[in-house]
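Below is one structure; the comments refer to it alone.
The values are calculated or read from the model by the stated rules, or taken from the named source; none is laboratory data. Remember, predicted model here, so these are calculated numbers, not experimental data. Every residue, glycine among them, receives a Cβ derived from its backbone with ideal geometry; neighbour counts consider all protein chains shown. The area values use the complete protein model at the heavy-atom level, side chains included, leaving out ligands, DNA and RNA. Shrake-Rupley method; radii C 1.70, N 1.55, O 1.52, S 1.80 Å.
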Amino acid sequence: MKINYKLAIIPMLMMSPVLLAAQSVDKKITTESNPKLNLQVHRGDVQITPWENNEIQVTGTLDELSEGLIVEKKGNIISIEDKMPRRYSGNNKDGSKLTIMVPRELNLSAEGVSTSYHVNDLNGDINIQSVSGNIKATNLANEVTIYTVSGDIQSNTSKGKLSLETVSGNIKDNQSIGNVSYKLVSGQLTANSKADEVAIEIVSGDANLTLEDISHIKSQSVSGDVTLSMQSITSKASLSSVSGDINLTLPDNSDASFEIDGGPGGKIQNSLTDDKPYKQKYSPNSTLNFQLSNGNADIKMSTISGSVRLKKSS
């Protein structure tokens, strides 16, 4: 007989402001093969860690305003929600403090408002979203999407197809592998990556990336500065800005051709080779085209009013 775990609710003890207190929770759910976990915790801190059991276990304490932990199981889909009142004060004292043990092979969709998530060592499609909470992801594999509005994102040694996006928070990425996309508006991006393909979109924030052997990179910025250091590039780079600066550091033995457009108000500074920018007699635009070795990689850089700087690796 198939068991249907539905609406396993841990009720609040008291609603009186005087007696209101955090509730302890210890709940265990058996999982099917290839489980998917839908998780919603409005505020607090959540640690998600794998174990070898075919179960999901939730322990810790609930938000003092929580109306209970709702758990629903339908086949291989498990939904867990820390139920909050429709309206509640935004002044968060502690929020929920939860540790969730899950199978390593897991698809996860997690949401929160002021919730900080710490997720590590999972293999599956991971989607984590929070408004003002911080998100730390370590050693994730497969397709990973992390989004926060004003919180910070920290990613360590994750691989696969990674998408890291914040509006006003900061992104720190360490030793990622695969295909990585970074998006931010006014935050700071710092990355030391082993990714093969990289995409960067920033508005007024700044980006500083150290890359190893990269195949493709595309960077677009409005007024933010982008600083890139690459050991090598094998295929294509497209780097553009409106008013921000682009700084690119490469070895002088790189195998690449360069096509650089300084725009009507931009500047080109080349310390990689002895080649000089060229400006037409009746045009404000400056350009620079040259080739290193066989020119196998195609590097295009452009700005309207920023600076484009080429530097040689020390």
Answer yes or no as to whether Ser79 is modelled with pLDDT of 95 or more, closer than 28 Å to Thr145 by Cβ and surrounded by fewer than 20 Cβ atoms within 10 Å (Cβ to Cβ).
yes
Where Ser271 falls short, out of the listed (1) surrounded by 14 or more Cβ atoms within 10 Å (Cβ to Cβ); (2) in contact (Cβ under 8 Å) with a residue 24 or more places away in the chain
(1)
Restricting to the stretch 101-133, and then to whatever is of a type in the set (Asp, Glu) and part of a loop (DSSP other than H, G, I, E, B), can you tell me which residue is farthest from the chain's Cα centre (by Cα)?
Asp121
Take Lys183 and decide whether it is basic (Lys, Arg), farther than 24 Å from Leu239 by Cβ and open to solvent by 10 Å² or more (accessible area, probe 1.4 Å).
no
Is it fair to say Asp213 is open to solvent by 50 Å² or more (accessible area, probe 1.4 Å) and modelled with pLDDT under 95?
yes
Over the stretch 119-152, the set of residues surrounded by fewer than 17 Cβ atoms within 10 Å (Cβ to Cβ), β-branched (Val, Ile, Thr) and closer than 20 Å to Ala195 by Cβ is Thr138, Thr145
Among strands (runs of 3 or more DSSP E) completely within the stretch 134-173, the ones holding 3 or more residues that are among the β-branched types (Val, Ile, Thr) are 141-148
Selected residue (only one of Val71, Val46, Val102 is open to solvent by less than 60 Å² (accessible area, probe 1.4 Å) and either under 24 Å from Gly151 (Cα atoms) or among the acidic types (Asp, Glu) (or both))
Val46
Just name the residue that is nearest to Asp94 (Cα to Cα) out of those in the stretch 26-42 that are in a strand (DSSP E or B), of a type outside the set (Ser, Thr, Tyr) and open to solvent by 10 Å² or more (accessible area, probe 1.4 Å).
Gln40
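With the requirement that a residue be farther than 21 Å from Ser204 by Cα, surrounded by 19 or more Cβ atoms within 10 Å (Cβ to Cβ) and among the β-branched types (Val, Ile, Thr), what does the stretch 279-313 give you?
Within the stretch 279-313, Ile299 is the sole residue that qualifies.
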Which residue is surrounded by the most Cβ atoms within 10 Å (Cβ to Cβ), if the candidates are limited to the stretch 54-68 and must be in a strand (DSSP E or B) and of a type in the set (Ser, Thr, Tyr)?
Thr61
Kindly indicate which of Thr227, Thr166 is open to solvent by less than 60 Å² (accessible area, probe 1.4 Å), under 15 Å from Val144 (Cβ atoms) and without any contact (Cβ under 8 Å) to a residue 40 or more places away in the chain.
Thr166
